[in-house]
1. Which of rounded, prolate, oblate describes the chain, given a ≥ b ≥ c as roots of the alpha-carbon gyration tensor eigenvalues and a/c under 1.5 marking rounded, otherwise prolate only if a/b is larger than b/c?
2. State the extension gain, in nm to one decimal, for the chain segment bounded by Q384 and D591, taking 0.36 nm per residue of separation less the distance between their alpha-carbons.
3. Against the longest alpha carbon principal axis of the chain, how many degrees, from 0 to 90 and to the nearest 10, is the axis of helix 379-393 turned?
4. What whole number of Å gives the distance from the Cα centroid of the stretch 409-474 to the Cα centroid of the stretch 293-369?
5. Return the carbon/sulfur percentage of the accessible area of the stretch 131-264, one whole number, probe 1.4 Å, all protein chains in place.
6. Local charge sum around L54 (other residues, Cβ-Cβ under 9 Å, Lys/Arg +1, Asp/Glu -1)?
7. If you take every DSSP beta bridge whose two residues both sit in the chain, what share of them, in percent to the nearest 5, is antiparallel?
8. Report the label-to-label distance for D518 and D56 in nanometres (one decimal), using points 7 Å from each Cα along the Cα→Cβ vector.
Amino acid sequence: MIRNKTLFLSFIFLFSACSEKTPKTLISHFEKKSETDKVLERALANTSGEGKCLIDIFNVETLKSEVQELEQQFASSPKSVGTWKHLDLSTLPSPQSQFLKKYGKDLGDLNNPDAFDYSSCRDVPCIYNKIYGKENNVAGYVHYLWYLRFGHMLAADNKIPVQKSKNPGEYKDKTHSFDKYLFSDKELYALWRLSHMLKAPHTTLSYLKEVQRIPRGENFEEAGPSACGLAYSSGYILLTDSCLSVSSDIDMGYLYQAVTHELSHHVDFEGGRGSKSFYRSHKEDYLQLAGFFLEEYVDKDEKPKRRWAHTKDIKLVSGYAGTAPEENFAESIAFFRVEGDITKKNLTDKHYDFVSKEYYFSKSFYRDMIVKGWIEEYQSEILQKSFKSVIDCSKEKSSPKSVFFSPKDFSTPLLPQMINCLGERASEIAQEIKNKTMLYKPDGCRVQNHHSMEGKWNAVMKESLITIFDKYVQDLKKDPAYLGRIKTFYDDLSDKTPAREAYVNCFGESDESKCFKDLIRKRATEKALLLNLPDDQTNDLIDMYSSYHSYETVKDELKKSYHVLVQSQVEEIRAEARSLWKSCEGINHSDSETPSGSVFQIADGYMVSSFYNCLNSEAPTSIKNAVRGISVNGMKVQNAKEEVILYNEVKP
């Protein structure tokens, strides 16, 4: 559900640049590998693995490691100045000092700033844990990780942003104990898991400030008992008990859908900024897609009215999705991520494809597609392990009996001991990848333990492994030295730098996807030709390399990376913004000028036209200055297209 839509200024500046070649990019220095995967990979190495789920590694050790690795992305950020209580902000990691400068006054009991003793704290997680009354607890790390991943505060205070009472701790004419404003252990786990489920645009919402819990046991002052969540375009999300419910199977519960729904309202708000519609969901293309139109009628007092009506062919993910376009938008996006199989059945194909392409990087989340996605994601590891298995098994003299493969699975006759050896290795690969998906994929146990998946994982993996193993066996028979020659090519698969550079070089092209695929194929061809292989083997390597680096995956990763990079430099960007504002304040103002310029547009509110024109005139230069001031380990932006990407991240 949504509330007020106040919009003062909307940025709609467009900037273009092009470059035939790709100078070195900042992002290739900034992020080399998914940090989250590295943390959870180590967690797997420290457990028995089999049968473990994400909840089994929900502990301080895991969360602390995630914090450390995410903070490394901010290592080149300049230090903040100032203090928060006893803490010198310049001694803290950059994101912690930024957090305290922005939200420090909104932490804890706002009636009594001295209610909690923070004197022993040296970091933000400790501050949160003091608020929770727990030492070295997951609570502090979940709150801080939420900020690192989403850029806004998961609140721990006792004043609701829009409450009627001016007094913290008073809500609906009652006084509430502070602990009723805090999240439970189950809720904290679910919010942490959700932070792994969602990516951009949910994690790159520039205007969202805070997610706040309503006191436990209460409903909203203004909305009545039917609503459990409210999203305010002024920068807030409010949640009641119902929106935070988690079931006995902790990977299930309404929380996942409800919080995603409210975050999706903010995606809607931001998609509509700078337009007369105010909401992305009120634009004509979405109305047609979702099956809504405005119907005019006359009420009982014979006054003309308008209301939302449905086209005959409308399909809805839920009844609530039919109440208004903005609710349809939020419900459809939330269901898509959390209830993938239901969404696949209950949306039109065009609506489904729109949500997938625009908000989930062309991914789908029904069970069969999730499994397929996992196999694609682990393809490099599967190929490397299979590659090694064929080489090792060619040298084995005997192996235990295995029924994973049969002779008919291979296109050439093999000795029984070779089939047994390959089958045993393939079974191990299938189980190892399954263990990994269950342990550190947010959908892992929910999908793998679903009744419809019984036997399906091994069947799907076997089908994939048969193709891979059979090809390597044939290559080995044709040329025993071949597998050794291509080892370095396989080892290079995990290097994402060339794919990132290709994405940057293709940014803004008329067909980004085709440009990206062409550049990736060109690089693969250059590497494969160095091996002096026959044409068919060269083409196989090129196809394999190209399929491993998909445009959608790279785009997904880089969108978040650039957002984090900009956040790491936020103090310098704010300084540039303040300088612009101050310089425009200092001119002689007049409201007789005609408003001009396209960087800002007035929507609601008022601004002296000379001030407005000054901002519009100077903002492009100011934003460029901020972008050109961004640096990673002393390196500043060199690539023209990367400058455009950063410009679009900086301007909100």
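1. Prolate.
2. 67.7 nm
3. 20
4. 38
5. About 46 percent, which is the carbon plus sulfur part of the accessible surface.
6. Around L54, the surrounding residues sum to +1.
7. The antiparallel proportion sits near 70 percent.
8. So the two model labels end up 4.8 nm from each other.
The values are calculated or read from the model by the stated rules, or taken from the named source; none is laboratory data. As the structure is a prediction and not an experimental result, all values here were calculated from the model. In this analysis, Cβ positions are derived from the backbone assuming ideal geometry, glycine residues included, and neighbour counts consider all displayed protein chains. Keep in mind that these areas ignore ligands, DNA and RNA; they rest on the heavy atoms of the full protein, side chains included. Shrake-Rupley method; radii C 1.70, N 1.55, O 1.52, S 1.80 Å.
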